[in-house]
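Colleague: Here's a structure for you.
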Amino acid sequence: MTFLNAILLAGAAAFLIPLIIHLLNKRRVQRVRWGAMHLLHEVLRQKKRRLQIEQWLLLMTRIAIPIVLALCLARPVLSALRQIPGFGKTSAAILLDDSFSMRAPNPAGTAASQSRQDIQRVLDNLPRGSDAQVILAGGTPRKLMDQATSALDLIPKQLVDLPSQSGPVNANELFQTAGAALQKASNAAREIVVVSDFQESDWKVIADGASLPALESMMKQEPKPQVTFYRVPTELSENLSIASAELSALVAAETQPVGLRVRVKNHGKRPWQDVAVHLEADGARLRTARVSVPPEGEASLSFTHAFEKVGDHTLAVRLEGDSFPEDNAFYSVIQVRNQLNTLLIDGDPGNEPLAGSADFLEIALAPHQLAAASLKDLVRTQKIDFKRLRADDLRGQEVVVLANVDRFNRLPDLDRFVKDGGGLLVFAGPKCDIDWYNREFFKNGNGLFPCAVKGYGRTESSENAARVLLQRLSHPSVAYFNDPRSGRLQDAEFHHWFQLAPADDQTRTLLSLDRGAPLIVEKKIGRGRVIAVATTANPEWSNLPLQPFFVPLAQRLVTYLATQSTTPAWQFVGAPLQVNLKKEQANVDFTLADPLGKTEDIKSRKEGEAALVETKPINSPGVYELKQKNADAAPSRLFAFNVNPAESQLRTLPSEEVRKMATRLGAGFAESFDSYEKLDRERRHGAEFWQPFLLALLVLLFFEVLLQQRIAGRR
């Protein structure tokens, strides 16, 4: 038995008060003998015996009253009953933050190692017969086991070798997963324990008052689950990281220099001086640069490198100096190709230089070829009048570009080309037949064009020209322009454009105009992709083709379309590796080697009209190599995985903020096992039974009054 307010047991000492009063009164009794006493002796002897019994009962009642009152106030808990099978069984869901921030080193070890120890103690504290499930929170929430288990000793064993994911934690998705797991709970009593360092970048919005719909929904259920926010303290806040490493080209030709622009970020309050940053190509260190980074600031530097051989190659940057190495490297994969074949279909050819709809685009994609320069272009272009297009012209092409094309007379051939993995880039223009685009090209979402066209947009002569909306860009083809040194997209002026109207979540907007109109949109069609641009590829509707950044923009759009179904430059840790293959490669054995050389066998499977290789979520950053078994001639493919930069900001929410957030959401708060155990008792996870003592107290008080009146009536 334990007591929630054990200190109040000292009040039981009040039983001494009636005992002392009784003893003092007994000493003051005086015997007086008188003559007729012997006549009543026998009657008094019998009455005295009854009176003594009643006096003793009254004394025992008065002694028991303060003792029972103290026991009631101390709130006794029969914790021993919890060990009886079937008594107080609970279904627990432990939501474990396994993101990279939990690896931050502390004097007593990492937060990840501390959380595993605390989870084992939490499991040991559950009543006998309880079951539990662990849900991992880093990145996409996922279950540690397929289903909850009552063999609680198995969970710590599975957590020992658990790798940390990238994160960040999505709290609402996490509670949705927990709610789904608890719907299958075998016990009525349910408990949720969130074990996390409560990284500020993950939880700040919620701490400031944002709602958690998934948790709020669970708290309305009956019986309501007991929720605890268990904060694992971490002390490291100083951190230096590589925030990004942006490539100048997604694909390169042989001997073509590739630029790598690196941002080094300081997440702490101390300055870093003369930090070494190394460039590595295919695992070999090439050169080193040094930077200084101010407190809570960043520094940039650039590298260039050219590869001599066709195939997949890796470029990596690595810095030295801080105690949290997880985010000190950034890996990228460069595809080196002989050429990318691109067909330009001109809807309005010109008789003079730069008069056609596709002329500026031809120069932007292959500037060295047209200038007869010694440097090699990656993109090899072929331009043709759309009226002279034949089915054979699509053969061998990787990207097709339509520039101001009225109607496309070989739409079935183009449809087959895209669905088989080709890329299609469509520029608008005054010759485009909008009715045909909507009726045949868009076809209510079943055609090739990504969205409907609602008409034309324009600016009046008295108005300022429309410009690209200033925003943070995330798409691989345009993210390079987040840095103004790559070119200011806002310098382009637009006077006419198509009013594109994306209607579903399958259509993604890459760039928008400041008038609220999409400028570039993308949609996946079969194994290929289609990108539509709302303006012309020549200066007829805008000065976009006259801007210096038009060359890298056009090249990045084309190279993205040509390679989107192949190896991406890099991905975040926590995502699975997915590789699209030709349908002939279904049910083929592959080997995946991780950065440490450990291999795993994978078999491809059929996926629609193609084949797919898919792995479990990748756990560690670095370069992975996929190779087909028993096919020495087949080239291997490389894949790069990096830590999500959101994990580099190690600052966590203070304890008081987590406590306030927990209180607002109806949850408890703990930051050590002792505080969790105390909270567990306070929420009556044991068998608290002060109510019987309260009833006994009332009975004793009533009995004391009756007994006192009975004794007084006989005197």
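The values are calculated or read from the model by the stated rules, or taken from the named source; none is laboratory data. In this text the structure is predicted, and so the values were computed from the model without any measurement. Because the Cβ atoms are built from the backbone with ideal geometry, glycine has one as well, and the counts that use them run over all protein chains shown.
Colleague: Given the residues P223, P233, P213, P257, which is the only one that is modelled with pLDDT of 90 or more and surrounded by fewer than 18 Cβ atoms within 10 Å (Cβ to Cβ)?
Modeller: Working: P223 fails: modelled with pLDDT of 90 or more; P233 fails: modelled with pLDDT of 90 or more; P257 fails: modelled with pLDDT of 90 or more.
P213 is the lone residue from the list that is modelled with pLDDT of 90 or more and surrounded by fewer than 18 Cβ atoms within 10 Å (Cβ to Cβ).
Colleague: A further question follows. Hey, does region 579-590 have a residue that's under 28 Å from the mean Cα position of the chain (by Cα) and among the charged types (D, E, K, R)? Step through it out loud before you land on a result.
Modeller: Of the residues in region 579-590, the ones under 28 Å from the mean Cα position of the chain (by Cα) are 579-580.
Within this subset, residues satisfying the condition of being among the charged types (D, E, K, R) are none.
No, the conditions are met nowhere in region 579-590.
Colleague: From the residues in region 334-380 that are surrounded by 19 or more Cβ atoms within 10 Å (Cβ to Cβ) and in contact with a His (Cβ under 7 Å, 6 or more places away or on another chain), which one is modelled with the lowest pLDDT?
Modeller: Selected residue: D377.
Colleague: Just checking, which of R261, R285 is part of a strand (DSSP E or B), in contact with a strand residue (DSSP E or B) (Cβ under 7 Å, 6 or more places away or on another chain), without any contact (Cβ under 8 Å) to a residue 40 or more places away in the chain and of a type outside the set (A, V, I, L, M)? Steps first, please.
Modeller: On the way: R261 fails: without any contact (Cβ under 8 Å) to a residue 40 or more places away in the chain.
The unique qualifying residue is R285.
Colleague: Grab the strands (runs of 3 or more DSSP E) fully contained in region 44-144, keeping just those with 1 or more residues being at pLDDT below 90 and of a type outside the set (A, V, I, L, M).
Modeller: Details: elements: 76-78, 90-96, 131-136.
The qualifying strands (runs of 3 or more DSSP E) are 76-78, 90-96.
Colleague: Now, a different point. Would you point out which residue out of R710, R637 is of a type in the set (D, E, K, R), surrounded by 17 or more Cβ atoms within 10 Å (Cβ to Cβ) and in contact (Cβ under 8 Å) with a residue 60 or more places away in the chain?
Modeller: Working: R710 fails: surrounded by 17 or more Cβ atoms within 10 Å (Cβ to Cβ).
On inspection, the qualifying residue turns out to be R637.
Colleague: Of all residues in region 607-618, which are buried (at least 17 other Cβ atoms within 10 Å of the Cβ) and farther than 25 Å from D420 by Cα?
Modeller: So the first thing to find is which residues in region 607-618 are buried (at least 17 other Cβ atoms within 10 Å of the Cβ), and the list is 610-611, 613, 615, 617-618.
Once the filter is applied, which keeps residues that are buried (at least 17 other Cβ atoms within 10 Å of the Cβ) and farther than 25 Å from D420 by Cα, region 607-618 yields P617, I618.
Colleague: Let me ask something else about it. For residues that are among the hydrophobic types (A, V, I, L, M, F, W, C) and assigned to a strand (DSSP E or B), scanning just region 482-516, find the one that is surrounded by the fewest Cβ atoms within 10 Å (Cβ to Cβ). Before the answer, list the steps.
Modeller: Looking only at region 482-516, we keep the residues that are among the hydrophobic types (A, V, I, L, M, F, W, C), and these are 489, 492, 494, 497-498, 500-501, 503, 510-511, 513.
Among the residues that remain, those that are also assigned to a strand (DSSP E or B) are: 494, 497-498, 500-501, 510-511, 513.
On the way: F494: 24, W497: 23, F498: 27, L500: 24, A501: 16, L510: 21, L511: 21, L513: 21.
Selected residue: A501.
Colleague: I want to confirm something. Restricting to region 280-301 and keeping residues that are in contact with a Pro (Cβ under 9 Å, 6 or more places away or on another chain) and not β-branched (V, I, T), which single residue is nearest to S241 (Cα to Cα)?
Modeller: Here is the first cut: in region 280-301, the ones in contact with a Pro (Cβ under 9 Å, 6 or more places away or on another chain) are 292-295, 297.
Add one more test, that the residue is not β-branched (V, I, T), and what stays is 292, 294-295, 297.
Details: S292: 13, P294: 13, P295: 13, G297: 11 Å.
By that ranking, first place goes to G297.
Colleague: So is A532 in contact with a Cys (Cβ under 8 Å, 6 or more places away or on another chain) and either outside the structural domain of E625 (by TED's automatic domain parsing) or in a strand (DSSP E or B) (or both) or not? If you could, list the steps in order and put the result at the bottom.
Modeller: Details: in contact with a Cys (Cβ under 8 Å, 6 or more places away or on another chain): yes; either outside the structural domain of E625 (by TED's automatic domain parsing) or in a strand (DSSP E or B) (or both): yes.
Against the criterion (in contact with a Cys (Cβ under 8 Å, 6 or more places away or on another chain) and either outside the structural domain of E625 (by TED's automatic domain parsing) or in a strand (DSSP E or B) (or both)), A532 qualifies.
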